[in-house]
Amino acid sequence: MTNEQIADKARALLRANNTGVFIKPGSQQYPHQWNWDAAFVALGLSYFDLARAQQEIRSLLKGQWKNGMLPHILYHHGASDYSPKPEFWQTASHPDAANIPTSGFTQPPILATCLRMMLKQFADKTSRLEFLAEVYPKILAWHRWFYTARDPEGSGLVAIIHPWESGNDNTPRFLDALQNLKPENVPQFTRADRAHVAAAERPHEEDYLRYIYLIGFYRDLAWDDKTIYQQAPFLVADLQFNVILHQANQDLLALARELGEDRGEIEAWLRKTEEGLNTLWDEEQGLYFDKDLCTGKLIRIKSAQALSPIYAGIPSRARAKRLIEEHLLNPEEFAPDGKSRYFVTTIAKNSPYYEPRRYWAGPVWINMNWLLWLGLKRYGYHDLAKTIRQHSLELVSSGFVEYYDPRDGSACGAKGFSWSAALALDLLVKEQ
Ligand code: GLC
């Protein structure tokens with residue numbers, strides 16, 4: 001398939017997934033608006049329909065709570081066959097809740113980064129500045145919420161309270177933390193996530209039970225940030241989440257400069273988070289890891305996310321070299337060999353947790369490839385960046401799905417997956 005054909009198909013999918021108010025992340029599996037999906041989608045849309053891209057961001061910001069929190073799911077049109085249903089979260093009575101039903105927690109803050117990329121598409125400076133001035137304070141408020149609600153001790157690392165906040169929902173990185181939970185009073189629930197996707201590609205039953213238990217736990221605390229931070233049975237300084245936040249702060253800083261806004265607060269976040277991220281480096285293994293804040297221990301699992309700090313320019317040259325040359329290029333871990341054909345498996349192939357078709361436990365995801373592609377370019381690894389771009393385009397040319405089996409590129413997860421299309425458009429536009 002030619003690049004032009006890929007682009008045509010990508011645009012057609014985003015149009016087909018348009019509900020009028022937002023773009024569905026997946027044509028059947030995900031009928032509501034998700035936070036980081038919307039940011040990727042807005043970036044993709046900006047290359048052919050800038051007005052629609054702006055609308056995507058405006059729709060997302062409609063779900064923002066008064067305290068700044070930007071939820072991970074927005075139910076603009078009420079319930080569907082997707083579960084958890086809007087009522088399940090019991091967020092409506094929260095004094096800060098939005099006017100539309102939403103989930104009670106957030107997702108990776110990649111919005112400022114996608115926004116900054118997308119703003120390049122405005123030919124007219126006045127409308128660019130107008131749009132930026134409209135959305136900037138809202139994104140700033142979200143980031144401020146992170147540093148108050150999720151890092152009240154000022155460590156520079158913000159915490160996530162649920163695996164779903166990471167966006168890597170069932171990653172094996174959180175298995176131990178989940179196993180330490182003692183699920184009790186688990187609310188009644190039905191799993192709708194296997195209606196459109198094979199059970200073998202979705203989370204295990206015992207993990208799902210714990211996801212629901214955690215939602216019930218926070219619901220019982222009436223989604224109060226302070227109590228949640230003190231009592232959360234799952235509290236993780238998620239590496240990639242903080243990396244994404246750090247990059248988003250760099251982008252927010254540039255946007256603040258453009259608007260002539262005060263930059264002191266953002267500069268302070270940048271200093272603190274850079275310091276925090278460097279505490280997650282493991283010299284022996286040559287990787288960064290997440291930290292379980294309940295046990296105080298690093299979570300030493302070899303994942304694509306462990307390489308993500310290159311995306312935000314965190315590692316020194318020497319550390320980046322180790323990440324890339326000892327790990328990303330290692331055929332036993334992430335590089336293609338007889339066992340896999342495509343970059344980048346989400347879990348290292350020689351890890352006991354590697355499952356090549358299960359959700360975040362092994363398959364290739366286009367957004368992970370995209371992050372690493374940007375990171376590699378940042379550190380001057382242009383040939384490898386090119387290869388990862390090429391692999392991503394090859395994968396999407398057989399269809400835009402949620403994730404891909406690294407052994408043969410076959411489709412896994414949800415069909416008609418919007419961010420695979422949106423990011424393919426970005427990969428195509430940026431060429432290398
Ligand atoms: C899955 C993914 C999450 C994504 C959502 C909607 O839950 O793990 O990252 O935002 O689907 O696509």
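The values are calculated or read from the model by the stated rules, or taken from the named source; none is laboratory data. Small disclaimer: the values here were computed from a predicted structure and weren't measured. Glycine also receives a Cβ, built like all others from the backbone with ideal geometry; neighbour counts cover every protein chain displayed. For accessibility, only protein heavy atoms count, side chains too; no ligands or nucleic acids. Shrake-Rupley method; radii C 1.70, N 1.55, O 1.52, S 1.80 Å.
Checking the condition touching a strand residue (DSSP E or B) at 6+ places or on another chain (Cβ under 9 Å) and closer than 25 Å to A248 by Cβ, which residue from Y353, Y381, Y403 passes?
The match here is Y403.
For the list (1) modelled with pLDDT of 95 or more; (2) assigned to a loop (DSSP other than H, G, I, E, B); (3) not small (G, A, S), I need the number of the one condition that F174 fails.
The failed condition is (2).
Restricting to segment 361-403, name every residue that is within 14 Å of the ligand (Cβ to nearest atom) and assigned to a helix (DSSP H, G or I).
A361, I366, N367, M368, W370, L371
Pick from segment 151-180 the residues that are of a type in the set (D, E, K, R), under 27 Å from E206 (Cβ atoms) and open to solvent by less than 10 Å² (accessible area, probe 1.4 Å): which of them is farthest from the ligand (Cβ to nearest atom)?
R173
Run down G20, G63 and say which single residue is more than 28 Å from C412 (Cβ to Cβ) and within 16 Å of the ligand (Cβ to nearest atom).
Within the list G20, G63, the selection yields G63.
Sort out for me the helices (runs of 4 or more DSSP H) sitting completely within segment 1-108 that have 3 or more residues that are more than 19 Å from the chain's Cα centre (by Cα) and closer than 21 Å to T190 by Cα.
Counting at least 3 such residues, we get 86-89.
Has segment 342-352 got at least one residue that is within 15 Å of the ligand (Cβ to nearest atom), at pLDDT 95 or above, closer than 22 Å to A200 by Cβ and in contact with a Pro (Cβ under 8 Å, 6 or more places away or on another chain)?
Yes, segment 342-352 contains a residue that is within 15 Å of the ligand (Cβ to nearest atom), at pLDDT 95 or above, closer than 22 Å to A200 by Cβ and in contact with a Pro (Cβ under 8 Å, 6 or more places away or on another chain).
Identify, by number, the condition in (1) crowded, with 16+ Cβ neighbours inside 10 Å; (2) within 22 Å of the chain's Cα centre (by Cα); (3) not aliphatic (A, V, I, L, M) that N330 doesn't meet.
If we test N330 against (1) crowded, with 16+ Cβ neighbours inside 10 Å; (2) within 22 Å of the chain's Cα centre (by Cα); (3) not aliphatic (A, V, I, L, M), just (2) comes out false.
Given the conditions (1) out of contact with any helix residue (DSSP H, G or I) (no Cβ under 7 Å at 6 or more places or on another chain); (2) more than 15 Å from the ligand (Cβ to nearest atom); (3) within 30 Å of E87 (Cβ to Cβ); (4) open to solvent by less than 50 Å² (accessible area, probe 1.4 Å), and given that A192 satisfies all but one, which numbered condition is not satisfied?
Failing condition for A192: (2).
Looking at this structure, is A51 away from the ligand (no atom under 16 Å from the Cβ), of a type in the set (A, V, I, L, M, F, W, C), under 30 Å from L140 (Cα atoms) and free of Cβ contacts under 8 Å to residues at least 24 places away in the same chain?
Here the answer is yes, as A51 does meet what is asked.
Of the residues that sit in segment 280-314 and are without any contact (Cβ under 8 Å) to a residue 24 or more places away in the chain and not small (G, A, S), which one is surrounded by the most Cβ atoms within 10 Å (Cβ to Cβ)?
Per the stated criteria, the residue is L298.
Restricting attention to segment 80-119, which residues are open to solvent by 10 Å² or more (accessible area, probe 1.4 Å), touching a residue at least 60 places away in the same chain (Cβ under 8 Å) and more than 19 Å from A149 (Cβ to Cβ)?
D81, Y82, S83, F88, R116, M117 - these are the residues of segment 80-119 that are open to solvent by 10 Å² or more (accessible area, probe 1.4 Å), touching a residue at least 60 places away in the same chain (Cβ under 8 Å) and more than 19 Å from A149 (Cβ to Cβ).
State which residue pairs qualify: first residue in contact (Cβ under 8 Å) with a residue 24 or more places away in the chain and open to solvent by 20 Å² or more (accessible area, probe 1.4 Å) and inside segment 14-31, second residue among the small types (G, A, S) and away from the ligand (no atom under 12 Å from the Cβ) in any location, beta carbons under 7 Å apart, and separation of 6 or more residues or different chains.
Every condition considered, the pairs that remain are V21/S59; S27/A16; P31/S80.
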